[in-house]
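These notes are about the structure you will find just below.
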Ligand code: CMC
């Protein structure tokens, strides 16, 4: 549906006679946006490095109120979804806009389960990687390679092809993820088991071996499912925007998701969960926390408290609250009463939340602060943490890609404030 202006913004520029009128649109929630699209025709671009004040698209999928610490998926608060729903139901909601009926839910779960296996030929890709390759490197490569396997569903203008691709990606990413772990340990790949839930199946592909089944604890499976659910979508973050940008060229969805995985890898984004654990290891003991808080506040020191701060949340990340509670449940189930890492994380959180620097800059724990502690307790190696984030985020990426492709869209093409050399003539080599 075309946007309708509710107000008009007037932009006057020094020395120009006519002010420029710009339409203002109102969203269902959140701040109004000024449509600057027609500024180009007036000889201007807007300038907003890092897209701090720029909405890049319309979307119906997820809403975040960063000041209040609110996260809604299709209108449903994340806390309610975490308590009453599960990851696959949220996948359905993100993709379709509404919660499924019992029958729709059964059909969706069964469809996902029936797409969990990957083409046998895909296994060969793994042997091209070194055993010590980072699993995110493998994820980028193997997910991108899926486009070479599913020629039957690559017509992005066909909604049925898009639907099948969404199902394939949600179903196969955990298999690809678990295979990247198995490859690093030298153990044989474990096939998916369709009698298990999404999270249970992932855990068994990670931890079973051909000689021994993996007994999945219900608490651990619930925690795993919650981790996937809490990461499922987060509106126009860096990786989702990357997926949209790649998709806006008409690139195939597997390539777009591979681009999203690559963008997620960085420590400022999905790589933060791995970085939190590495940071806690480096801090080593509660008695060193003050020293590291000082380092984080020192402008000449690049050190940051990983798992703290967020571009949008200027309040406690609602996902971090659920994560903290899950963390306690998991450690209790595993009988880990005095976990030194958790003890350090809690002490660090307490000190940072009271410290003037963090209070003034409104830096709160984010989703990654506690997820790493849970994953470590479950036995997932640190290098796999961002892979787990990617697995959880896949439905969000694909829902955004599908939303964009289903409506009118343009190729994403930002402009720039050019500061380089002005026009000059080429000087032959002999004269330089
Ligand atoms: N520790 C210490 N200082 C910080 C931190 C931190 N974790 N985060 C931000 N700051 C300071 C920063 O130095 C800056 O100070 P000043 O205004 O004096 O220059 C101010 O707070 C604003 O920071 P910014 O980098 O301009 O803010 P941003 O919105 O561009 O960055 C962020 C957001 C998440 C990249 C940043 O907070 C950060 O690097 N956090 C640590 C990494 C992390 O936990 N990332 C996971 C994000 S949540 C998962 C996801 O959605 O990907």
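Read-outs: derived from the displayed coordinates by stated rules, not from any lab. Note that the structure is a prediction, hence the values are computed from the model and not measured. With ideal geometry, Cβ positions are generated from the backbone for all residues, glycine too; neighbour counts draw on all protein chains shown.
Has segment 245-253 got any residue that is over 19 Å from the mean Cα position of the chain (by Cα), assigned to a helix (DSSP H, G or I) and surrounded by fewer than 20 Cβ atoms within 10 Å (Cβ to Cβ)? No, there is no match, as no residue in segment 245-253 is over 19 Å from the mean Cα position of the chain (by Cα), assigned to a helix (DSSP H, G or I) and surrounded by fewer than 20 Cβ atoms within 10 Å (Cβ to Cβ). Among the conditions (1) touching a strand residue (DSSP E or B) at 6+ places or on another chain (Cβ under 7 Å); (2) farther than 30 Å from residue 227 by Cα; (3) loosely packed, with under 13 Cβ neighbours inside 10 Å, residue 15 misses just one, which is (1). Condition first: without any contact (Cβ under 8 Å) to a residue 40 or more places away in the chain, in a loop (DSSP other than H, G, I, E, B) and either more than 11 Å from the ligand (Cβ to nearest atom) or surrounded by 14 or more Cβ atoms within 10 Å (Cβ to Cβ) (or both). Now tell me which residues in segment 285-302 satisfy that. Hit for segment 285-302 is 300, nothing else.
Pick out the one residue from 343, 329 that is more than 9 Å from the ligand (Cβ to nearest atom), surrounded by 14 or more Cβ atoms within 10 Å (Cβ to Cβ) and closer than 24 Å to residue 386 by Cα.
Values: 343 fails: surrounded by 14 or more Cβ atoms within 10 Å (Cβ to Cβ).
After applying the criteria, what remains is 329.
The requirement of being surrounded by 15 or more Cβ atoms within 10 Å (Cβ to Cβ), assigned to a loop (DSSP other than H, G, I, E, B) and touching a helix residue (DSSP H, G or I) at 6+ places or on another chain (Cβ under 8 Å) is fulfilled somewhere in segment 66-80, by at least one residue. May I ask you to verify whether residue 238 is under 28 Å from residue 140 (Cα atoms), buried (at least 16 other Cβ atoms within 10 Å of the Cβ) and within 11 Å of the ligand (Cβ to nearest atom)? When the stated conditions are applied, residue 238 passes them.
Without any contact (Cβ under 8 Å) to a residue 24 or more places away in the chain and out of contact with any strand residue (DSSP E or B) (no Cβ under 9 Å at 6 or more places or on another chain), is that true of residue 105?
On the way: without any contact (Cβ under 8 Å) to a residue 24 or more places away in the chain: yes; out of contact with any strand residue (DSSP E or B) (no Cβ under 9 Å at 6 or more places or on another chain): yes.
Criteria met by residue 105.
For residue 269, the requirement of being closer than 19 Å to residue 375 by Cα and not in a helix (DSSP H, G or I) is met.
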